[in-house]
1. If Asn276 satisfies every condition in (1) touching an Asp or Glu at 6+ places or on another chain (Cβ under 7 Å); (2) buried (at least 23 other Cβ atoms within 10 Å of the Cβ); (3) not charged (D, E, K, R) but one, which is the exception?
2. I'd like the full set of residues that are at pLDDT 90 or above and either closer than 18 Å to Gln279 by Cβ or surrounded by 24 or more Cβ atoms within 10 Å (Cβ to Cβ) (or both), limited to the range 155-175.
3. Against the condition open to solvent by less than 10 Å² (accessible area, probe 1.4 Å) and more than 21 Å from the chain's Cα centre (by Cα), how does Ser357 come out, does it pass?
4. Confirm whether Lys270 is among the charged types (D, E, K, R), modelled with pLDDT under 85 and under 27 Å from Thr29 (Cα atoms).
5. Go over the candidates Phe413, Phe345, Phe394, Phe403 one by one and state the one that is under 23 Å from Ile328 (Cα atoms), at pLDDT below 85, over 20 Å from the mean Cα position of the chain (by Cα) and open to solvent by 10 Å² or more (accessible area, probe 1.4 Å).
6. Could you check the range 1-117 for helices (runs of 4 or more DSSP H) lying wholly inside it with 3 or more residues that are within 25 Å of Phe280 (Cβ to Cβ) and without any contact (Cβ under 8 Å) to a residue 24 or more places away in the chain?
7. Do you know which of the residues in the range 279-312 that are surrounded by fewer than 23 Cβ atoms within 10 Å (Cβ to Cβ) and small (Gly, Ala, Ser) is farthest from the chain's Cα centre (by Cα)?
8. Restricting to the range 46-95, give me the number of residues that are polar (S, T, N, Q) and either under 21 Å from Asn133 (Cβ atoms) or open to solvent by less than 20 Å² (accessible area, probe 1.4 Å) (or both).
Amino acid sequence: MEKLNGLSHLYMMVFLHNFSSCMVAPAITDVTMEALCPGEDECSLAIYLTGFQQAMSGLGTLVMMPLLGSLSDKYGRKAILTLPMTLTIIPLGILAYSQTKRFFYMYYVFNVLFSMVCEGSVPCLSLAYVADNVTEEGRASAFGVLSGIASAAFVCGTVSARFLSTSLAFQLSTLVAVIGAVYIQIFLRESVIDHNLCTPFVSHVNPDVIAKIDCEKPKSDMQLFKALRSFHDLTSFFNTSLAITQAAIIAFFSNLADAGLNGSLMYYLKARFHFNKNQFADLMVISGIAGSVSQLILMPILAPTLGEARLLSIGLFFHCIHMFIYSIAWSFWVSYAAAMFAILFFFAQPCIRSIVSKQVGPHEQGKAQGCISGICSVARIVSPLAFTPLTALFLSERAPINFPGLSIMCIGFASMVSFVQSMMVRTVPPILS
């Protein structure tokens with residue numbers, strides 16, 4: 001508990017970051033539709049642009065997440081966290097100034113470029129920061145608390161969006177993002193700066209021997225280039241143990257489904273039930289409250305009892321179910337009912353991260369979380385290629401059959417693959433510190 005209290009500034013940073021981004025999430029669909037297809041409820045161009053952004057973001061983070069994780073192991077979590085916390089201010093500021101078509105495209109370009117660097121980096125590095133400060137036995141609960149803080153910020157952000165105008169939401173979001181960037185500089189203590197990190201990412205040799213050999217080499221800028229071998233780190237990491245390989249497969253398919261749902265659901269609900277900003281906010285609030293209860297209350301109780309592997313399977317099972325319910329929704333209230341399944345499916349991601357965290361040493365947490373984020377990025381590249389054309393087709397007048405939710409159902413089948421794989425997970429004893 002004392003360690004968790006020591007993470008209070010990290011929790012506040014995560015809260016501010018997520019509050020800022022979630023405040024504009026319900027409005028971005030309406031802003032995009034108004035800029036590209038004013039007065040319409042269906043817009044293939046908006047769906048394809050969203051898919052392109054997801055693919056580019058995934059491509060960038062595939063390279064950047066292992067790199068940022070490596071650099072955070074070397075130069076410290078706080079130093080690397082400063083980059084995404086600062087860059088996210090710029091796209092928000094553009095739409096805070098104006099939401100016309102010209103400024104939307106300006107926002108879109110900056111958002112694509114910066115998301116290639118920043119997408120997922122704050123949660124990834126935050127997980128590594130938590131792993132630096134919490135023992136292995138308490139990590140599943142600590143990761144759950146971190147996700148719960150993010151869910152609480154999600155709720156607060158979407159509730160704010162529900163009662164603010166779109167312009168004011170973007171302005172306040174920009175202000176909160178600035179406060180978050182300043183807060184991290186003033187209050188967050190550095191977690192780890194390993195100036196003498198000389199051991200390779202994956203080693204089966206005595207670390208003391210390796211350190212003695214490597215550290216005899218002259219200090220030079222080559223240390224930085226060692227951190228740039230992100231693809232080598234990625235492939236080496238996934239071969240270290242069966243548990244890590246299984247976690248990587250689960251992470252890929254669950255994020256494939258998540259990315260597909262995030263890119264399709266709002267356009268599906270707008271075309272099917274004519275949802276607007278306020279209804280999107282209501283849906284997100286329900287999901288966020290359920291997720292907060294799940295991770296702040298249920299997960300710390302259930303994780304020590306059931307273990308990460310069982311809890312992971314439970315989460316992924318309900319992950320599939322809620323997608324199938326969305327796909328066959330016959331009334332708007334069915335969507336709200338499906339969102340309540342978040343109380344169970346939000347178990348999945350913290351469990352994956354906890355399983356992986358226990359398989360590596362204390363000086364490899366950043367790389368480990370970065371590599372898992374890298375495989376998630378691959379899923380975000382593949383997802384729009386697979387699901388964006390399907391969504392655009394079945395929400396248009398050219399649909400071969402009248403089944404608008406078919407793409408959502410296909411996304412549910414992708415999630416089912418991760419559930420089946422989770423049933424085969426057998427965790428192995430963690431690497432000793």
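The values are calculated or read from the model by the stated rules, or taken from the named source; none is laboratory data. No experiment lies behind these values; they were computed from the predicted model shown. Cβ placement follows ideal geometry from the backbone for every residue including glycine, while neighbour counts extend to all protein chains displayed. Just the protein is used for accessible areas: all its heavy atoms, side chains included, with ligands, DNA and RNA removed. Shrake-Rupley method; radii C 1.70, N 1.55, O 1.52, S 1.80 Å.
1. If we test Asn276 against (1) touching an Asp or Glu at 6+ places or on another chain (Cβ under 7 Å); (2) buried (at least 23 other Cβ atoms within 10 Å of the Cβ); (3) not charged (D, E, K, R), just (2) comes out false.
2. If the condition is that a residue be at pLDDT 90 or above and either closer than 18 Å to Gln279 by Cβ or surrounded by 24 or more Cβ atoms within 10 Å (Cβ to Cβ) (or both), then Ala169, Phe170, Ser173 are the ones that fit.
3. On the way: open to solvent by less than 10 Å² (accessible area, probe 1.4 Å): yes; more than 21 Å from the chain's Cα centre (by Cα): no.
So Ser357 does not fit the description; no.
4. Working: among the charged types (D, E, K, R): yes; modelled with pLDDT under 85: no; under 27 Å from Thr29 (Cα atoms): yes.
No; evaluated as a whole, the condition is false for this residue.
5. Working: Phe413 fails: at pLDDT below 85; Phe345 fails: over 20 Å from the mean Cα position of the chain (by Cα); Phe403 fails: at pLDDT below 85.
Testing whether each residue is under 23 Å from Ile328 (Cα atoms), at pLDDT below 85, over 20 Å from the mean Cα position of the chain (by Cα) and open to solvent by 10 Å² or more (accessible area, probe 1.4 Å) leaves just Phe394.
6. Numbers: elements: 2-5, 8-36, 44-75, 77-87, 89-97.
Where helices (runs of 4 or more DSSP H) fall fully within the range 1-117 and carry at least 3 residues being within 25 Å of Phe280 (Cβ to Cβ) and without any contact (Cβ under 8 Å) to a residue 24 or more places away in the chain, they are 89-97.
7. Filtering first and then ranking leaves Gly307.
8. Just the residues of the range 46-95 that are polar (S, T, N, Q), to begin with: 50, 53-54, 57, 61, 70, 72, 82, 86, 88.
Next, from what is left, pick out any that are either under 21 Å from Asn133 (Cβ atoms) or open to solvent by less than 20 Å² (accessible area, probe 1.4 Å) (or both): 57, 61, 70, 72, 82.
Number satisfying all stated conditions: 5.
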